[in-house]
Amino acid sequence: MKFKIDLELVKKYSYFLVGVLILVLIYKLLDNFGVVTATVGGFITRTLEVLRPILVGVVLAYFLFKPMRGIEKFIFKTIPKSRDKAGAIRLISILIVYAITIVLIVLFFYATIPSVVESLTGLISQTPQYLITIDNYLGESLANGGAAQDILAELKFTIDSLQSMTTRDIINEIASYFGTNPDSIKNIGNFAFVFLKGTIGFVISFFIVFFVGLYLMLDKEKISEQVDRFAKAVMNKTLYNGSHWAILTIDEIFYKYFTGKILTSMLIGFLFYLGMLVIGVDYAPLFGVIVAITNVIPYFGPIIGAVPAVIITLIDEPVKALWVGIWILVVQQFDGNVLAPNVLGKIVELNPFWVLFSVIVGGSLFGIPGMFVAIPMFAVIKVFFEEGLTRWERKKELLEKPLE
């Protein structure tokens with residue numbers, strides 16, 4: 001007697017078993033959600049740390065490719081016969097754009113670092129006096145009582161803790177921040193070893209970034225062609241055309257937005273620095289650099305960057321702190337109503353409400369990085385939505401068009 005297998009029944013039970021296993025897996029993942037997220041987050045963090053020089057090299061190539069192509073086209077136009085040696089011209093163009101970038105960075109640091117370091121040194125030397133002033137003020141406020149008594153008590157405890165920190169504690173905190181065991185730094189020799197190790201790591205990372213960017217810009221067209229061939233092989237024509245258009249749209253919006261935002265942030269930082277000089281605020285170069293960095297966050301950036309300037313000036317001279325607050329509002333209004341609309345508004349084409357909405361949502365979901373990329377991401381979503389809506393309207397018109 002032959003044993004006959006019911007294949008349909010086996011298939012049903014197989015589907016049932018797979019479904020049960022998936023439900024059990026989901027349950028276990030949810031039951032150990034904290035462990036899973038910590039493990040995955042740790043793995044991603046370690047992977048990004050290892051790949052950081054390569055990722056920086058990719059970003060460098062992305063932003064320098066278009067200036068390099070401009071130099072390359074200029075050489076081709078100036079020297080027509082140079083097209084016969086396109087590879088050599090490409091290499092020369094890359095080295096030129098690298099040299100220009102390095103010179104600009106060096107000039108920027110040469111112009112800012114000495115004054116910023118001087119401001120930072122002066123600020124550190126005055127910190128104990130500032131802490132005493134704040135501590136006395138908090139003590140008087142606590143004695144008077146009030147609704148904010150718990151908050152003031154917490155602030156006073158924090159200030160007292162900072163006042164009790166020694167030089168050794170500060171070194172340990174710095175060492176911990178850079179991932180070094182504080183106990184290993186017991187003398188100047190060990191500290192010098194840690195510094196040397198960090199310097200060597202920086203040099204190695206620098207060369208990795210340099211050559212990754214170099215090779216990507218050298219073979220950009222070839223790499224793009226290979227990716228394009230692969231996309232055509234695995235996608236149908238409709239999906240390929242849509243993906244190609246989406247990538248070009250994202251590239252255009254992100255590139256123009258970030259280059260424009262970096263330039264406008266530098267200008268806003270410089271304007272804030274000039275205002276601090278006119279007002280007569282100490283540590284003006286340091287505050288200008290802070291505002292330039294934080295200004296990459298729309299709306300809130302200049303205000304966040306101005307908080308240290310206002311607080312420190314308030315301790316010394318309250319009247320100047322008032323002028324600092326007024327000046328940052330003026331700078332922010334100039335940035336939001338004049339500079340950003342003319343430089344960035346034509347790129348993202350978002351009204352102020354959607355800009356503010358995207359920044360709040362991005363910050364709520366992903367913190368500061370989310371606020372940084374929220375506007376171009378929302379601009380991309382807007383373009384995609386409008387394109388989809390346009391196609392849907394065209395399709396609807398065709399369906400509603402009477403047959404002749």
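Here are some notes:
- Solvent-accessible ranking of Glu387, Glu72, largest area first, probe 1.4 Å: Glu387, Glu72
- Taking the C-alpha atoms of the stretch 268-404, convex hull volume expressed per residue in Å³: 112 Å³
- Surface per residue (accessible, 1.4 Å probe) for the stretch 255-404, Å²: 58 Å²
- Residue-level accessible surface for Ile304, protein heavy atoms, 1.4 Å, Å²: 90 Å²
- Once the C-beta distance of Ala231 and Arg391 is scaled by a Förster radius of 25 Å, the resulting FRET efficiency is 0.75 to the nearest 0.05.
- With DNA, RNA and ligands ignored, accessible area of Tyr273 (1.4 Å probe; Å², nearest 10): 70 Å²
- Here the gap between Ile102 and Tyr15, fully extended at 0.36 nm per residue and compared with their Cα-Cα distance, gives a gain of 25.3 nm.
- Largest accessible area first, the listed residues Lys85, Lys220, Lys73 line up as Lys85, Lys73, Lys220 when surface is computed with a 1.4 Å probe on the assembled protein chains.
- Per-residue SASA entry for Phe109, accessible area with 1.4 Å probe, Å² rounded to 10: 100 Å²
- Accessible heavy-atom area order of Ile303, Ile268, highest first, probe of 1.4 Å: Ile303, Ile268
- Each label point was placed 7 Å from the Cα along the Cα-to-Cβ direction; for Ala38 and Gln333 their separation is 5.1 nm.
- Taking the accessible area of the stretch 249-400, probe 1.4 Å, and keeping the other protein chains in place, the carbon and sulfur fraction comes to 74%.
- Legend: Rg and Dmax of the stretch 355-404, from Cα coordinates, 17.3, 58 Å.
- Over the stretch 236-307, all Cα pairs binned in 10 Å intervals from 0 give whole-percent P(r) values of 20, 34, 19, 14, 10, 4, 1, listed from short to long.
The values are calculated or read from the model by the stated rules, or taken from the named source; none is laboratory data. Because the structure is a prediction, the values reported are computed rather than measured. Here Cβ is always computed from backbone atoms with ideal geometry, including for glycine, and neighbour counts include all displayed protein chains. What goes into the accessible areas is simple: the full protein's heavy atoms, side chains included, and nothing from ligands, DNA or RNA. Shrake-Rupley method; radii C 1.70, N 1.55, O 1.52, S 1.80 Å.
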